[in-house]
Amino acid sequence: MIPRSKPDVARPSARIEAYLSTHAFKVLFFAFYGAAVTLMFAWGFKAEFTFEDNFDMPHFNTVRWFIGIARGMGYTLNLNTAFVILLASRLLFTKLRDSPLQLVLPFDAAFPALHIVVGYTIFFAVLVHGSFHFVWLITWDAWTWGLWSFNMSVITGFLLAIVFGTMLVLARPSVRKNNFRLFYAVHIIGATLFFGLLIIHGMFRQVPYTYKWVIPPLILYAIDRFLRRRKVSAVELFLSAENAVLKDGDILELRVPKAFSYQAGQYAEVQVPFINREWHPFTIASAPQDKTMCFYIKALGDWTKELRGAFQARVDGAVTDSLQVNIRGPYGAPAQHVGLYERVVLISGGIGSTPFTSICKDLHHRKVKENATSATGFEPSTSTLLKRIESRVSTAISTLYGVDISNAKDINQEEEEKRVYLANMLNLTAPGSGSSSGETTELEVEMVDASKQADESSSDSDRSTSMESYNVKNMLRKEQDEEYILDDIKNSANARRGNRERLSHLYEGRSKVLEFLHTSRVNLLLLFVLIARIFFICISSIIKADYIMINAEPHAIESGLWIVIVDTVLSIIFAIVLPLTIFLELSYMGSRFFRTVGRTLDFFVFLPLTITSASLGIKALVTERTDEQIVLFLHYIVFLPTLFVLLAVRMYRALGKRTLLTDAPCHCSHRDIVPNVDFVWTVPHENDDEWLRSELEPLADGTELKLHRYVTRAKEVDMEAGSEFITSSNTGRPEWDEIFGKIAAEAPSNSVVGVFFCGPHKMGDSVQSAMRRAEINSNLRGAYLRSTKEKTLMKDLGLPQRGLIKMLMGTGCSVRFVFREENFG
Ligand SMILES: Cc1cc2nc3c(=O)[nH]c(=O)nc-3n(C[C@H](O)[C@H](O)[C@H](O)COP(=O)(O)OP(=O)(O)OC[C@H]3O[C@@H](n4cnc5c(N)ncnc54)[C@H](O)[C@@H]3O)c2cc1C
C-alpha cells in the first residue's frame, strides 16, 4: 500500500540546504568573483568599443566588436593576474586564517584550489584576448612597424601565451605528481617572466597601464616572501641517526628539538641542503605541549626517498656525520580550527593522519577527560528498547519523506500499514498540504503545540498534560527567550477558545512562511539580489547611465531609465522580504524580539535602510529625476555595502542556527573549545599505521576521544594493537553512511559538527556525500518528531513513557555538518 499523500518534502531543497550549510559563503564568494570579472570585462569592452579615434577605421562597426572583446578580456586579466599572485601569499593567509574573516571567506581553499581556478580563468582570458586581437590584426591589417609601438604588445603577447601555456601544462596534476621539481622550477621562472612581460605588454594606447594592477600585489607578495624568511621562525639543525626512526609503510619519523611554537594541526617547511635547496611542507605531528617536534614523512617521490635514504644510511651506520636540516614555520592549515566546534569528526587516509595526531594529543593534553561532555562516539546503542524505537522512527521517516534511512528490507503488510498510518498522522498535523519542508524548525513545534493547546483547552485535565509537554520542550530549548511562546500560545488559545481550526491554521501559516524565510536559500538569494544591484549600478556607471552620475546635480533620467527600473525592482524584492520576516518574528516574540543585538540591529538599522533604499528608487522612477549628489552617495556608497554586511551577518546567524535566528550562542564564535572527537583513519595494511599508533600512545592513560581504525585490505586485524586507546579496530572500508548516521543521531539537536578531512580525493567525496545524506536525514528526523502530535508519537513509536519523546527530540534533529579539507597534493 502506498501512502495516500506522501508529503512533498521538497528533497532538492533539502539537499540544497544541506549543501549550503557548508558552502554558502563559498558560493557567495564565487558570485562576487564572477560579478567582478564580468564588470572588468564590461569596463574594458566599453573603453574600446566607444573609443572615438577608432571611428575612422574601415569596417569600424565590425572591428570594434573584435577589439572590444579583446580589451574586455585584457581587463579581466588585470584583475586575475593580481589575484593569482595574492593567493600565493602564504604568510598573509596564515594570518587571515586566524581572523574572524575566516568564518565567511574560503581561506581554506585559497591555496592551492582557488589559485588553480584563477589560473585556468587567466588561461581562458589569454586565449580569447589573444585570438580576437590576432583576428583583428590579420583581417584588418592593423599591423604597424616599429619596436615600441603596438608591436611590442604583439610580441610580448605571443611570449606571454607561450609562457603561461607551458606553466599551465606543467601544473597539470599528472606532471606535478610525477615531477614536482620540474613543475616548481617552471612555475617560479615562468611567473617571473610572465609578470615582467605582462607589465611591458599591458599598454593602453601606448601608455603603460597594467602595471597599476600587478605591481601592488607583486609588492605584497614580495613582502610576504621576505617576511616568510624573516618572521617565520627558521632553525638550522644537525641531525643524526638518533633523530630518525624508519617505520613500516615507507615512513620516516623525524624527531627534532622544538624549533618554535605552533598550534595543533599547523605545518612547517623542511629543507635539506644535502639534497637540494627545495622547501617541502610537512605537518607537525607532535602536540604543541610536547618538548620535541615530530614529523612523519612518507617516501613518495625523489626528495622524500632521498631523505629516507640519507637517514637509512645513518641508522645503518654507513654514514656517521650529521645531516643539516632547516625547518621554518609554522603555517596555517584547516585542522587548526578544530577548537571552533563542540563536536568534531577527524577523518584521514594514510599519511593524511599527521595533522590529526597532533590534534588528538593536544586535546588529550588539555585534559579532555575533565572537559568532555557525554558524547559516546558512534558506537552502536546497546539498549534494545532504544534500538526498536529508533528503527520505528527511521521507518516512519523513510515512508513519510521517501528517503530510505533505515535500510529496512522485506517490509510486511502490517508494517506497511503502520507506515501509511504514520504518514496520514503527519499529514493531519499540517492540514491540506502536508509537511512541505525538510528543514522544519522549532516553530513547527509551536504550531503543533498551539493547535494542541486549542485542542485541549476545553478540558482542564487535558491542559495539565499539555503544559507538561510545553515544559518538556522548553527544557529542550537552549535559547533564553522561549517562555514567550508559552505565554503567547496560552493567551491566544484562551482568547480563541472554540476557534481551534483558525488558530492552528494561523500558526501553521506563519511558522511555515517564517521557516522558509529563515532558510539559507532565501538569505543567499537576498545576497544575490544585493550583488545584482551593485553589479547593475557599476555597469550603469561604466556606460555612464544618467542615474548613477554621482557628481551630477539632480537631472532628468534619460538613458539610465532601465537601470532605475532594474534597481528599484530588486530593491522592492528586498523591501518586501525583510520587513515581512521582521514583522513575523515580531509577531511571535513581541518585546522579546529586542533582547538580542542581532535582532535589534535588524530592526533599527537593517529595516530602515532597506525601506529607504527602495523608496529612493521609487521616487526617482516616479519623478524621473536623480537625487541630490549627497543622497546618491549615501545610497550607493554607504547604504548598499552596509546592507550587504548586515545580510551576510544574518546569513551567518541563519547557518549557525537554522531556527528563528535565535541568536543562541553560536558554536563557531567560541575559540578553544575542547570538543568531543571521533577520529577515523584508514590504512591499507595492518602495520601501515604503526607510526600512528605509537604516536597516539599517550592516550593510553585514559581518553575520552574515540579512535576508529580501518585496515582496508586486511581480512582480520590484531585487536590487541593499541587496544588501550583505540575504540574500534575494523577491516574493510568504513561505512560512511552508517558512521555519519550515528554521529548525527547522537549529536545534540541543532548542533554543528565539524568534519575535518585529510586523505585521497575519492575518499573525501564519499565522506561528503554520506555527510550530506546524514544531514538531510537529521533534518527529516527533526521535521517528523516536531510536527507529529505527542500522543501519536507515543502510540506509533510504542513509547512507554512521555520522557522518551524529550530524549528523542534532544538529539539527532537538524544536526549540521561543516566539512573542512586539508590537501597534501
Ligand atoms: C600542507 C602540507 C602538509 C603535508 N604534510 C605531510 C606530512 O605530514 N607527511 C608527509 O609524508 N607528507 C606531507 N605532505 C606532502 C609532502 O609535502 C610531499 O609528499 C613531499 O613534498 C613530496 O616530495 P617528493 O619530492 O618526495 O615527491 P614528488 O613526487 O616530487 O611529489 C609528490 C607530491 O608532493 C607534493 N610536493 C612535492 N614537493 C612539494 C613542495 N616542495 N611543496 C609542496 N608540495 C610538494 C606535490 O603535490 C606532489 O604531487 C604535506 C603537504 C602539504 C602541502
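The values are calculated or read from the model by the stated rules, or taken from the named source; none is laboratory data. What you see is a predicted model, and the numbers here were worked out from it, not measured in a lab. As a convention, Cβ positions derive from the backbone with ideal geometry for all residues, glycine included, and neighbour counts pool all protein chains shown.
Look through the stretch 330-356, keep the residues that are part of a strand (DSSP E or B) and among the hydroxyl-bearing types (Ser, Thr, Tyr), and return whichever of them is farthest from the ligand (Cβ to nearest atom). Give the steps one after another, and end with the answer.
So in the stretch 330-356, the residues part of a strand (DSSP E or B) come out as 330-331, 343-349.
Add one more test, that the residue is among the hydroxyl-bearing types (Ser, Thr, Tyr), and what stays is 331, 348.
Details: 331: 7, 348: 11 Å.
The selected residue is 348.
Scan (1) part of a helix (DSSP H, G or I); (2) at pLDDT 90 or above; (3) touching a helix residue (DSSP H, G or I) at 6+ places or on another chain (Cβ under 9 Å) for the single condition residue 698 breaks and write down its number.
(2)
Somewhere in the stretch 772-781, is a residue surrounded by fewer than 22 Cβ atoms within 10 Å (Cβ to Cβ) and at pLDDT 85 or above?
No, that holds for no residue.
Among the residues of the stretch 798-825 satisfying the criterion of being within 16 Å of the ligand (Cβ to nearest atom) and outside any loop (DSSP other than H, G, I, E, B), which is surrounded by the most Cβ atoms within 10 Å (Cβ to Cβ)? I'd like the intermediate steps shown before the answer.
Going residue by residue through the stretch 798-825, those that are within 16 Å of the ligand (Cβ to nearest atom) are 820-825.
From what's left, outside any loop (DSSP other than H, G, I, E, B): 820-822.
On the way: 820: 20, 821: 20, 822: 22.
It comes out as 822.
Select the helices (runs of 4 or more DSSP H) contained entirely in the stretch 145-245, then report the ones holding at least 2 residues which are of a type in the set (Gly, Ala, Ser) and modelled with pLDDT of 90 or more.
Hits in the stretch 145-245: 150-170, 180-201.
For residue 35, indicate whether it is in a helix (DSSP H, G or I) and either modelled with pLDDT of 85 or more or in the same structural domain as residue 269 (by TED's automatic domain parsing) (or both).
yes
Would you check which residues across the stretch 713-735 are within 35 Å of the chain's Cα centre (by Cα), surrounded by fewer than 16 Cβ atoms within 10 Å (Cβ to Cβ) and part of a loop (DSSP other than H, G, I, E, B) and list them?
Within the stretch 713-735, 713, 732, 733, 735 qualify.
Considering 282, 311, 274, which residue is more than 39 Å from the chain's Cα centre (by Cα), under 30 Å from residue 175 (Cβ atoms) and not in a helix (DSSP H, G or I)?
Details: 282 fails: more than 39 Å from the chain's Cα centre (by Cα); 311 fails: not in a helix (DSSP H, G or I).
Within the list 282, 311, 274, the selection yields 274.
Only one of 359, 327 is surrounded by 23 or more Cβ atoms within 10 Å (Cβ to Cβ), within 16 Å of the ligand (Cβ to nearest atom), modelled with pLDDT of 80 or more and more than 28 Å from the chain's Cα centre (by Cα). Can you tell me which?
After ruling out the rest, the residue left standing is 327.
Consider only pairs whose beta carbons are under 7 Å apart and that are at least six residues apart or on different chains; among these, list those whose first residue lies in the stretch 268-288 and is more than 14 Å from residue 233 (Cβ to Cβ) and whose second residue is within 11 Å of the ligand (Cβ to nearest atom) and among the acidic types (Asp, Glu).
Pairs found: 275/306; 280/269; 281/269.
Given 753, 767, which one is β-branched (Val, Ile, Thr) and assigned to a strand (DSSP E or B)? Steps first, answer last, please.
Numbers: 767 fails: assigned to a strand (DSSP E or B).
The unique qualifying residue is 753.
Residues that are under 23 Å from residue 521 (Cα atoms) and not basic (Lys, Arg): which helices (runs of 4 or more DSSP H) entirely in the stretch 561-655 hold 1 or more of them?
Once the helices (runs of 4 or more DSSP H) in the stretch 561-655 are filtered for at least 1 residues that are under 23 Å from residue 521 (Cα atoms) and not basic (Lys, Arg), what remains is 561-589, 597-601, 607-623.
Within the stretch 257-297, track down each residue that is in contact with a Lys or Arg (Cβ under 8 Å, 6 or more places away or on another chain), surrounded by 20 or more Cβ atoms within 10 Å (Cβ to Cβ), closer than 19 Å to residue 698 by Cα and not aromatic (Phe, Trp, Tyr).
264, 286, 287, 293, 294, listed by residue number.
Which pairs turn up if I take residues in the stretch 111-137 that are assigned by TED's automatic domain parsing to the domain that holds residue 172 and in contact (Cβ under 8 Å) with a residue 24 or more places away in the chain and look for partners that are assigned to a helix (DSSP H, G or I) and of a type in the set (Lys, Arg) with beta carbon separation below 7 Å, at least 6 apart in sequence or on another chain?
Note: pairs meeting the criteria are 111/90.
Filter the stretch 288-308 down to the residues that are assigned to a loop (DSSP other than H, G, I, E, B) and under 20 Å from residue 247 (Cα atoms) and list them by number.
Listed by number, the residues that qualify are 299, 300, 301.
Looking at the stretch 282-324, which of its residues are within 11 Å of the ligand (Cβ to nearest atom) and acidic (Asp, Glu)?
Correct list: 302, 306.
Any residue that is out of contact with any Cys (no Cβ under 8 Å at 6 or more places or on another chain), touching a residue at least 40 places away in the same chain (Cβ under 8 Å) and under 30 Å from residue 53 (Cα atoms) - is there at least one of those in the stretch 213-226?
Yes - at least one qualifying residue is present in the stretch 213-226.
What are the residue pairs meeting all of these: first residue in the stretch 44-66, first residue within 18 Å of residue 76 (Cβ to Cβ), second residue part of a helix (DSSP H, G or I) and of a type in the set (Ser, Thr, Tyr), Cβ atoms under 9 Å, and 6 or more apart or on different chains?
44/75; 44/76; 45/75; 47/75; 66/139
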